[in-house]
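The values are calculated or read from the model by the stated rules, or taken from the named source; none is laboratory data. From a predicted model like this one, the values you see are computed outputs, not experimental measurements. Positions of Cβ are generated from backbone atoms using ideal geometry, with glycine treated the same way; all protein chains shown enter the neighbour counts.
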Amino acid sequence: MAEPIRKLAAIVFTDIVGFTKLTAEDQQLASDLLDIQRAELKPLVESYQGKWIKEVGDGLILTFDTINKAVHCCIKIQEIAKTIENLSLRIGIHLGEILEKENDIIGDDVNITARIEPFSAPGGIAISNKVNDALVREQDFETKFIGKPKLKGVGQHVEVFCIISHDLPETKLSEVSAKLEKSIPIWQYAIGALLVIGIAGYFIMPKKPSIISVAVMYMDIRGNEADQYLETMTEDLIFDLSKVLPGKLKVSEVASVRKLKDTDLEIADIAKNLGVQFVFESSLQRSGDGFNLRCKLVEAQTGTDKFINKWFIEENSLQSIVSVLVENIVGGLDIAMAADLTKIEYVPEAYELYLKAKDLYARSDIAEKDAEAIDMMQEVVELDNKLIAAQLKLGQMYYDNAQYDKAETIFAQSLRKSKELDDNTSKAESLRKQGQLFRKQRKIDLALEKFNEALSISTVMNDKNSMAKIMNSIAIAYYKEERFDEALEYWLQAFNIAKEFDDKLKISKYVNNIGIWYWRDFDYSKAIDYYEQSLAIKEELGDTRNYGKTLNNLGEVYYDMGDFKSAIDQFNRSIGIKEKLKDQKGLNSTLFNLGEAQIYNSNYEDALPNFRRALSIANTLKDTNQMAWGYRGIGIIHFNLAVYDSATYYLSKSDSIYMRGPVSRLTTLSWLAVTAMKAGSKSQAQNYFQSFNELIEQHDPKNKDIISMNWNMYQAHILAGDKKSAKEYLENSYLELKTRSKKIKNKTDRKQYLSVQFHQNISNAWNK
């Protein structure tokens with residue numbers, strides 16, 4: 001017998017209106033109707049990758065992997081039902097956790113779905129607030145708030161909406177009012193009658209956080225410089241604190257705290273930057289055969305100390321420091337632990353070496369030190385296999401150094417050990433790390449399998465910090481596969497958790513990611529809006545690094561829509577920030593973006609030094625892709641300046657690198673071909689024609705370069721006197737231009753895109 005599977009799913013319940021009466025009047029007709037329902041609807045459900053769980057009398061229980069598939073399938077079900085006599089359906093949809101066993105599902109969320117369904121009008125669809133939130137991106141969806149139902153024995157807060165777009169009937173409040181809780185504020189009905197406000201609602205009516213939040217600052221190691229490695233205990237403290245209080249306490253992540261480690265910010269500024277109510281500080285100083293440990297918990301708004309404590313810790317009891325501090329923080333916040341912190345006794349030598357290995361790796365910027373830190377951590381794992389944190393860290397080290405086979409082995413080891421020790425937090429983290437590893441290797445199905453397993457564990461624990469992190473990982477996996485709808489759905493779910501925690505850092509991150517989704521969906525105006533919302537939060541928090549990244553994203557949107565002046569402005573702003581931060585990798589990418597925008601804006605003299613600078617950084621970073629991009633950019637500039645010998649030199653340098661990446665090479669070959677013809681070297685151009693044609697037969701490029709590469713080949717063949725081939729390339733360029741322009745959602749954005757001189761040249765040539 002297969003083990004039950006716990007997972008997150010979109011759950012659907014259906015019911016035939018008036019079926020009991022029909023059965024009483026004509027039993028055979030009722031039986032035939034059930035057969036018709038099964039024959040018509042089951043293939044439809046399967047076409048949306050749904051599961052036909054079972055039939056309960058006249059009702060159906062279905063599950064889907066995503067809300068998007070569930071909603072669109074149910075809309076189609078109602079369309080079909082309208083064409084079948086006596087088949088009038090009520091449908092309810094909810095998102096929640098299920099336990100799937102054999103041919104059945106159980107769980108609290110299953111019961112909730114069953115109780116939502118009666119709130120649907122005949123032929124309509126009722127949805128929970130979780131489903132409603134996920135429909136925010138859908139411009140053509142309109143929903144109406146019905147109310148909060150009376151659900152006995154259900155601990156969750158559930159609100160019910162109905163979909164009133166897509167020719168679906170609206171639920172009459174008079175018919176369901178008896179099933180609703182009283183005293184629903186009038187404003188809720190007003191909001192419910194509008195289009196789903198979703199994310200925008202956060203900025204209009206921010207919620208007061210219902211969950212206590214704390215930032216655990218890096219431990220201050222005083223006195224002996226050789227003891228600085230002890231500060232890495234902070235990371236274990238943050239992890240363990242999250243472990244014992246899932247769903248009750250928001251603990252700022254290590255990465256967020258690390259960036260403030262060496263700053264002189266006041267408590268109030270730290271709290272504002274990290275979006276927390278409390279700040280915890282601690283210090284450790286060697287004294288004789290041990291350490292003096294001091295700590296305090298500060299309420300940020302008032303600046304008052306919740307407590308100040310101090311202890312003497314013996315040198316051989318380092319590992320006790322973390323548990324002592326966890327207990328003090330929990331006690332100081334006056335909240336009960338959701339679970340006891342398991343006090344596993346580690347081998348003292350192993351624990352100390354673990355801290356030293358982490359510290360060495362964090363401070364290292366050369367491969368030799370990385371290798372030394374990895375060797376040290378491997379020794380830790382061999383000394384004490386109960387120290388799961390060391391296994392997770394070692395796996396991450398291997399991952400960072402592209403040693404993926406070794407990383408996979410170690411993460412599998414940490415998963416086995418966490419199961420053995422019944423450590424669900426470490427189990428979920430091991431699975432998440434495995435998912436990231438598989439995603440990196442483009443094994444997306446395996447990655448999603450691991451992520452979903454991790455999400456199920458975190459959901460059971462109600463560890464919302466972890467849930468949001470995993471949902472973001474799932475979204476990125478879907479995004480990389482260009483499954484943009486699924487990606488958005490998980491980003492929205494992560495966003496809702498961040499909103500619940502009032503975690504402004506995460507909110508700005510997810511809003512930025514949603515902006516990326518709209519950008520890829522050719523909805524440039526909305527992408528700009530979301531990026532600007534993200535920028536506003538980052539500015540408020542002083543999140544300079546990510547502010548610079550979002551500025552670059554904003555520049556890319558303007559670039560794609562053909563507003564090169566605005567793109568140049570945003571790229572320059574991003575570069576200014578990245579220069580101050582000494583972010584060479586980020587600076588490199590944005591310099592290239594700036595150079596390309598300047599080329600399209602005919603600012604060749606400005607573009608050239610930016611490409612040269614970017615190329616220099618790419619050489620330092622040994623980033624071959626960026627090097628090829630740099631050489632090509634310099635070559636294109638010389639082409640536009642009619643310096644064809646130099647153009648050929650730089651384009652050939654790019655081609656020698658891009659030979660390893662065939663799709664990117666096609667664009668470079670097209671530039672080499674037209675350059676050769678401009679320079680009067682027809683024989684050389686013929687070689688480029690041949691290489692281009694051989695390569696394009698093997699590879700079908702699907703990026704925006706299709707327009708420029710075909711335009712280049714058109715010009716080259718016109719110069720070569722081959723009008724027949726030239727026309728084919730012109731047609732390819734023009735059709736791709738029209739295809740992309742039609743995808744642009746906003747009419748003003750589309751007009752801007754088509755007004756670009758390069759695009760006008762293509763249209764004019766085609767219309768001759």
Checking E540, E482, E500, E486 in turn, the sole residue that is over 28 Å from V71 (Cα atoms), among the acidic types (D, E) and out of contact with any Gly (no Cβ under 6 Å at 6 or more places or on another chain) turns out to be E540
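Yes/no matrix, rows are residues, columns are (1) touching a residue at least 40 places away in the same chain (Cβ under 8 Å); (2) out of contact with any Cys (no Cβ under 6 Å at 6 or more places or on another chain); (3) crowded, with 16+ Cβ neighbours inside 10 Å; (4) over 20 Å from W671 (Cβ atoms):
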| residue | (1), (2), (3), (4) |
| --- | --- |
| S691 | no, yes, yes, no |
| L695 | no, yes, yes, no |
| M709 | yes, yes, yes, no |
| H717 | no, yes, yes, no |
| A720 | yes, yes, yes, no |
| K727 | no, yes, no, yes |
| L735 | no, yes, no, yes |
| K742 | no, yes, no, yes |
| D749 | yes, yes, yes, yes |
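Kindly indicate whether any position in segment 444-466 is of a type in the set (G, A, S) and either assigned by TED's automatic domain parsing to the domain that holds V254 or in contact with a strand residue (DSSP E or B) (Cβ under 8 Å, 6 or more places away or on another chain) (or both).
Within segment 444-466, the first condition is being of a type in the set (G, A, S), and the residues that meet it are 447, 454, 456, 458, 466.
Going one step further and asking which of them are either assigned by TED's automatic domain parsing to the domain that holds V254 or in contact with a strand residue (DSSP E or B) (Cβ under 8 Å, 6 or more places away or on another chain) (or both), we end up with 456.
Checked against the condition, which is being of a type in the set (G, A, S) and either assigned by TED's automatic domain parsing to the domain that holds V254 or in contact with a strand residue (DSSP E or B) (Cβ under 8 Å, 6 or more places away or on another chain) (or both), segment 444-466 yields at least one hit.
Considering only segment 207-321, give the strands (runs of 3 or more DSSP E) lying wholly within it that have at least 3 residues that are without any contact (Cβ under 8 Å) to a residue 12 or more places away in the chain. Show your work before the answer.
Working: elements: 212-216, 220-222, 249-251, 278-287, 290-299, 304-314.
In segment 207-321, there are no strands (runs of 3 or more DSSP E) which contain 3 or more residues that are without any contact (Cβ under 8 Å) to a residue 12 or more places away in the chain.
Does L60 fit the bill of being in contact with a Lys or Arg (Cβ under 6 Å, 6 or more places away or on another chain), assigned by TED's automatic domain parsing to the domain that holds L33 and in contact (Cβ under 8 Å) with a residue 24 or more places away in the chain?
Values: in contact with a Lys or Arg (Cβ under 6 Å, 6 or more places away or on another chain): no; assigned by TED's automatic domain parsing to the domain that holds L33: yes; in contact (Cβ under 8 Å) with a residue 24 or more places away in the chain: yes.
Spelling it out, it is not the case that L60 is in contact with a Lys or Arg (Cβ under 6 Å, 6 or more places away or on another chain), assigned by TED's automatic domain parsing to the domain that holds L33 and in contact (Cβ under 8 Å) with a residue 24 or more places away in the chain.
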Considering residues of segment 469-503 that are of a type in the set (S, T, N, Q) and touching a Phe, Trp or Tyr at 6+ places or on another chain (Cβ under 8 Å) only, the residue farthest from K433 (Cα to Cα):
N472
Answer residue from segment 542-566, given it is surrounded by fewer than 20 Cβ atoms within 10 Å (Cβ to Cβ) and polar (S, T, N, Q) and is nearest to N593 (Cα to Cα) among those:
S566
Among the residues in segment 82-96, are any of a type in the set (G, A, S), modelled with pLDDT under 95, surrounded by fewer than 24 Cβ atoms within 10 Å (Cβ to Cβ) and under 20 Å from I53 (Cα atoms)?
yes
Within segment 506-533, residues more than 14 Å from the chain's Cα centre (by Cα) and aliphatic (A, V, I, L, M) come out as A527, I528
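In this structure, does S177 turn out to be in the same structural domain as T23 (by TED's automatic domain parsing), among the polar types (S, T, N, Q) and modelled with pLDDT under 80? Steps first, please.
Working: in the same structural domain as T23 (by TED's automatic domain parsing): yes; among the polar types (S, T, N, Q): yes; modelled with pLDDT under 80: yes.
Answer is yes for this residue.
Can you tell me how many residues in segment 573-599 are more than 19 Å from Q626 (Cα to Cα) and not β-branched (V, I, T)?
So the answer is 4.
Out of G92, G96, G123, I need the residue that is assigned to a loop (DSSP other than H, G, I, E, B) and in contact (Cβ under 8 Å) with a residue 24 or more places away in the chain. Which one? Write out each step before concluding.
On the way: G92 fails: assigned to a loop (DSSP other than H, G, I, E, B); G96 fails: assigned to a loop (DSSP other than H, G, I, E, B).
Of the residues listed, the single one that is assigned to a loop (DSSP other than H, G, I, E, B) and in contact (Cβ under 8 Å) with a residue 24 or more places away in the chain is G123.
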Go through F564, F501 for me and flag whichever is of a type in the set (F, W, Y) and over 26 Å from N746 (Cα atoms).
F501
Any chance you could count how many residues in segment 280-330 are surrounded by fewer than 18 Cβ atoms within 10 Å (Cβ to Cβ), aromatic (F, W, Y) and closer than 14 Å to L230 by Cα?
0
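In segment 548-597, what residues are basic (K, R) and either at pLDDT 95 or above or touching a helix residue (DSSP H, G or I) at 6+ places or on another chain (Cβ under 8 Å) (or both)?
Selection gives K549, K565, R573, K578, K580, K585.
Among the candidates D560, D569, which residue alone is of a type in the set (D, E, K, R), in contact with a Lys or Arg (Cβ under 9 Å, 6 or more places away or on another chain) and closer than 30 Å to H759 by Cα? Steps first, please.
Values: D569 fails: in contact with a Lys or Arg (Cβ under 9 Å, 6 or more places away or on another chain).
Just a single option satisfies the conditions, and that option is D560.
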Across segment 698-736, what is the total count of residues that are at pLDDT 95 or above, aliphatic (A, V, I, L, M) and closer than 13 Å to A765 by Cα?
3
Filter segment 3-53 down to the residues that are touching an Asp or Glu at 6+ places or on another chain (Cβ under 9 Å), among the β-branched types (V, I, T) and within 30 Å of E453 (Cβ to Cβ) and list them by number.
I5, I11, V12, T14, I53
Cβ pairs under 9 Å, 6+ apart, first in segment 468-490 and under 15 Å from W519 (Cα atoms), second modelled with pLDDT of 90 or more and of a type in the set (G, A, S):
R483/A477; A487/A475; A487/A477; L488/A475
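Name every residue in segment 618-670 that is out of contact with any His (no Cβ under 7 Å at 6 or more places or on another chain), of a type in the set (G, A, S), surrounded by 23 or more Cβ atoms within 10 Å (Cβ to Cβ) and closer than 18 Å to Q598 by Cα, in order of residue number. Give the derivation first.
We begin by selecting, within segment 618-670, every residue out of contact with any His (no Cβ under 7 Å at 6 or more places or on another chain); these are 618-645, 648-649, 651-661, 664-670.
Within this subset, residues satisfying the condition of being of a type in the set (G, A, S) are 618, 628, 630, 633, 635, 642, 652, 654, 656, 661, 664, 670.
Then drop every residue that is not surrounded by 23 or more Cβ atoms within 10 Å (Cβ to Cβ), which leaves 618, 628, 630, 633, 635, 654, 670.
Result: G630, G633, G635.
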List the helices (runs of 4 or more DSSP H) that sit entirely inside segment 516-606 and contain at least 3 residues that are β-branched (V, I, T).
544-560, 564-581
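What number of residues within segment 2-51 are of a type in the set (S, T, Y), in a helix (DSSP H, G or I) and under 37 Å from the mean Cα position of the chain (by Cα)?
Going through segment 2-51 one residue at a time, the tally reaches 1.
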Look through segment 322-338, keep the residues that are outside any helix (DSSP H, G or I) and hydrophobic (A, V, I, L, M, F, W, C), and return whichever of them is nearest to the chain's Cα centre (by Cα).
A338
